[in-house]
Amino acid sequence: MCTSFIRIFNKLKWIGVLLVLSLSIGACSVLEVVGLSKKKGVRPNPLTPLAQRVDIQSRWKAKVGSGLSKLYRVIPPVIDNDTVYANDYKGRVFAFDRETGKRKWSFNSKTEVGAGVGLGGDLVLLGSLNGDVVAIDKDTGEEQWRTDIDSEILAAPQSNGAVVVVQTNDGKLVGIDAKSGETIWTYSAQLPSLTLRGTAVPTLFGPNLITGFANGKLIALSAVDGTLYWERRVASPQGRSDIERVVDVDGSPVLSNKTIYTTSYNGTLSALTPRGELLWSQENSSYSGPLVIGNRVFVTTDQGFLRSYSAKTGLLLWESKILEGRKLAAPQNLAGFVVTADYKGYVHIFDTESGGLLDRFRIDRDGVRSPMVSDGTYLYVLGNDGVLASIAVYLFQKR
């Protein structure tokens, strides 16, 4: 049994995500390498002045505990009816009124986390770095149950109200009874030795789910009993080095108009049928999930590009390189605009049709790495320092 761990933290820049390299050193060591440099000499594009073309309004701001910490953690907020839920890296969960930002309740799980909360039925769900899955009543903030699955959790647990599904960093999916907290089933995927530090968040639709793994595969399972329906490779390892052969599916797949869209690192943007049949794919490297608005699919790449594709054919409609090297968060839909945030805490607003950059505003000087969430009208952003902000954006001529 391994009892020692060697951690080496490298200050070289990379895409802003962590890599975990599992090596057999005396059959008992694990090496974590943080911040490897994939593309040397690429500097983030500077921001140039913009003519103000949209009206940006800050609705409210609230403090979410101690924020995300200096280590790389992706902790997005979530929306449910009239409430926004968010947590900090210390496992403290907060519920805020969606309109006013007033705190409704807070809960301290007393366990460190590396992901945000999930929702399902009457529960708010939290997964910890120690393998704890904590279920909290979404109205009162009281703990309902706690289960230890003995694996590091870097993605928010998800639930359809009956089953809670947790994806772990070592390639496991665990199905848990939403009422009792008892484990129902477990699925394990074989992972390569080198992976991005992070996992996809499973997408549940009724009694079924889809998710991706660090082996470059997308799978569909029964959320009821863990039965595997199909698996599809959406990224194949290329190159000679272990780093070049990383093919993680870390962005959560999206189901829209009976089509599944998924991204992968060093892989593709792919569209599949619900049966796992490939409709089209385009070469695209991303560690964030896609966004679908109408008949378009939007992705941010690991290089900092924003791209728009035809949802039906996969044809590239436009590409913006204006934010190259700025470590972009996943794109989000805000009142018909496409928005993304960068490592310096700026939120950038793009026109969906042309790809033109309309405006920007700064939300957090410590940066924004977590996906933003939107209800279609307002944007909710959790900055790295723990400031949760609600934003409204309008075109001047539309007001």
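Looking only at residues of region 115-129 that are open to solvent by less than 10 Å² (accessible area, probe 1.4 Å) and part of a loop (DSSP other than H, G, I, E, B), we find that the one that is farthest from PRO202 (Cα to Cα) is SER128.
A count restricted to region 361-375 and to residues that are out of contact with any Pro (no Cβ under 6 Å at 6 or more places or on another chain) and either buried (at least 21 other Cβ atoms within 10 Å of the Cβ) or not in a strand (DSSP E or B) (or both) stands at 9. The residues on offer are SER320, SER285, SER354, and the sole one that is without any contact (Cβ under 8 Å) to a residue 24 or more places away in the chain and either in contact with a strand residue (DSSP E or B) (Cβ under 9 Å, 6 or more places away or on another chain) or not basic (Lys, Arg) (or both) is SER285. Looking only at region 294-334, residues that are of a type in the set (A, V, I, L, M, F, W, C) and modelled with pLDDT under 95 come to 4 in all. Comparison of GLY336, GLY386 shows that the only residue that is over 21 Å from LYS63 (Cβ atoms) and small (Gly, Ala, Ser) is GLY336. One residue stands out in region 295-321 among those that are out of contact with any Ser or Thr (no Cβ under 8 Å at 6 or more places or on another chain) and open to solvent by 30 Å² or more (accessible area, probe 1.4 Å): the one that is farthest from TYR229 (Cα to Cα), namely LYS321. Residues in region 308-345 that are within 18 Å of the chain's Cα centre (by Cα) and part of a strand (DSSP E or B): GLN332, ASN333, LEU334, VAL338, VAL339, THR340, ALA341. For ASP364, the requirement of being among the acidic types (Asp, Glu), in contact with a strand residue (DSSP E or B) (Cβ under 8 Å, 6 or more places away or on another chain) and closer than 18 Å to SER308 by Cα is not met. Within region 376-399, if we keep just the residues that are outside any loop (DSSP other than H, G, I, E, B) and surrounded by fewer than 17 Cβ atoms within 10 Å (Cβ to Cβ), the residue that is modelled with the highest pLDDT turns out to be ALA392.
Listed here are the residues, each with its yes/no results for (1) without any contact (Cβ under 8 Å) to a residue 12 or more places away in the chain; (2) over 24 Å from ASN384 (Cβ atoms); (3) surrounded by fewer than 16 Cβ atoms within 10 Å (Cβ to Cβ); (4) in contact with a Pro (Cβ under 9 Å, 6 or more places away or on another chain).
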position	(1), (2), (3), (4)
ASN45	no, no, yes, no
LEU50	no, no, yes, no
GLN57	no, no, yes, no
LYS61	no, no, yes, no
VAL64	no, no, no, yes
ARG73	no, no, no, no
PRO76	no, no, no, yes
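Looking at TYR187, is it at pLDDT 90 or above, on the phi < 0 side of the Ramachandran plot and surrounded by fewer than 17 Cβ atoms within 10 Å (Cβ to Cβ)? No; evaluated as a whole, the condition is false for this residue.
The values are calculated or read from the model by the stated rules, or taken from the named source; none is laboratory data. No experiment lies behind these values; they were computed from the predicted model shown. No Cβ is skipped: glycine too gets one built from the backbone with ideal geometry, and neighbour counts run over all protein chains shown. In case anyone asks, the SASA skips ligands and DNA or RNA and just uses the protein heavy atoms, side chains included. Shrake-Rupley method; radii C 1.70, N 1.55, O 1.52, S 1.80 Å.
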